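One structure below.
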Amino acid sequence: MRHKTHPRFFPGPTRGHLDSFSEQGARELAHRIRNAWGKLGWDVEVRIERISSEDIGDTRSKAHYTVRSDLVNGMAQRRLSAPLASA
């Protein structure tokens, strides 16, 4: 069996119709990225950032978020001392 060096890559929108522009969705995506790399023994810094707000009427607005990480060309840079246990 080949040793996995990185999580499986899924191009395009996330599976399960995750709305990564919402704060909750961005937090979930960040959690998935951190855990996927952690299971393979890599430490990845992942954070969410508010990127804009959109007026939706009635003096209300909706915030949009993005996920940022320290991955370089999609690859982790720091090893963990031990891989995270599978949940």
Can you spot a residue in region 37-56 that is assigned to a helix (DSSP H, G or I) and either at pLDDT below 90 or open to solvent by 70 Å² or more (accessible area, probe 1.4 Å) (or both)?
yes
Any idea which of (1) on the phi > 0 side of the Ramachandran plot; (2) open to solvent by less than 90 Å² (accessible area, probe 1.4 Å) is the one Thr66 doesn't satisfy?
(1)
Among residues of region 25-36, those that are open to solvent by 40 Å² or more (accessible area, probe 1.4 Å) and not polar (S, T, N, Q), counted
6
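Can you tell me which residue within region 69-87, out of those that are open to solvent by 70 Å² or more (accessible area, probe 1.4 Å), assigned to a loop (DSSP other than H, G, I, E, B) and modelled with pLDDT under 90, is farthest from Pro7 (Cα to Cα)?
Ser81
The values are calculated or read from the model by the stated rules, or taken from the named source; none is laboratory data. Because the structure is predicted, anything quoted here is derived from the model rather than measured. Calculation scope for accessible area: heavy atoms of the full protein, side chains included, ligands and nucleic acids excluded. Shrake-Rupley method; radii C 1.70, N 1.55, O 1.52, S 1.80 Å.
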